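The values are calculated or read from the model by the stated rules, or taken from the named source; none is laboratory data. Quick caveat: nothing in here was measured; it's all calculated off a predicted structure. Using ideal geometry, Cβ is built from the backbone for each residue, glycine included, and neighbour counts are taken over all protein chains shown. Remember, those area values only see protein heavy atoms, side chains included, never the ligands or the DNA or RNA. Shrake-Rupley method; radii C 1.70, N 1.55, O 1.52, S 1.80 Å.
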Amino acid sequence: VQLQASGGGLVQAGGSLRLPCVASGSNFRNYFMGWFRQAPGKEREFVGQTGRSGGGTYYADSVKGRFTISRDNAKKTMFLQMNSLKPQDTAVYYCAATTVVSGRDQAVNYHYWGQGTLVTVSS
């Protein structure tokens with residue numbers, strides 16, 4: 001499966017952005033889908049993951065209550081709704097796909113990656 005994330009941009013603190021991740025190829029519904037982010041000079045970190053049918057969604061503590069992951073299997077698209085954005089949310093955001101059930105927060109467990117989209121939150 002090939003993934004393409006988009007929707008990044010510049011937003012003020014407290015604002016919102018919605019990032020889509022569009023997949024091409026077959027069997028999108030067979031993959032657990034995740035979001036990661038990487039800030040300048042830092043390692044890539046887990047943001048969240050949604051299950052194959054859209055249930056079983058998990059979030060990093062740093063975004064819990066502010067970010068929401070959803071997916072539309074018919075459209076082969078996953079979304080990351082980001083609200084109450086903070087300057088520390090500034091990063092390149094990546095979507096990823098895996099068939100591995102465990103280790104959802106480990107980037108090494110994901111087979112396919114999108115190219116990333118930059119989100120910049122100004123104070």
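Being open to solvent by 40 Å² or more (accessible area, probe 1.4 Å) and either outside any strand (DSSP E or B) or at pLDDT below 95 (or both) holds for only one residue in G55, G41, G15, G7, and it is G41. Can you find even one residue in segment 84-101 that is of a type in the set (G, A, S) and in a loop (DSSP other than H, G, I, E, B)? Within segment 84-101, one or more residues are of a type in the set (G, A, S) and in a loop (DSSP other than H, G, I, E, B). Assessment of segment 19-26 against the conditions (under 18 Å from G103 (Cα atoms) and either among the charged types (D, E, K, R) or modelled with pLDDT under 95 (or both)) yields no matching residue. Restricting the first member to segment 66-79 and to residues that are part of a strand (DSSP E or B), and the second to residues that are of a type in the set (S, T, Y) and open to solvent by less than 70 Å² (accessible area, probe 1.4 Å), the beta-carbon pairs closer than 6 Å and six or more apart or on different chains are I69/T50; I69/T57; R71/T50; F79/S70. Under the condition of being under 24 Å from N27 (Cα atoms), open to solvent by 80 Å² or more (accessible area, probe 1.4 Å) and at pLDDT 95 or above, the residues counted in segment 77-107 number 1.
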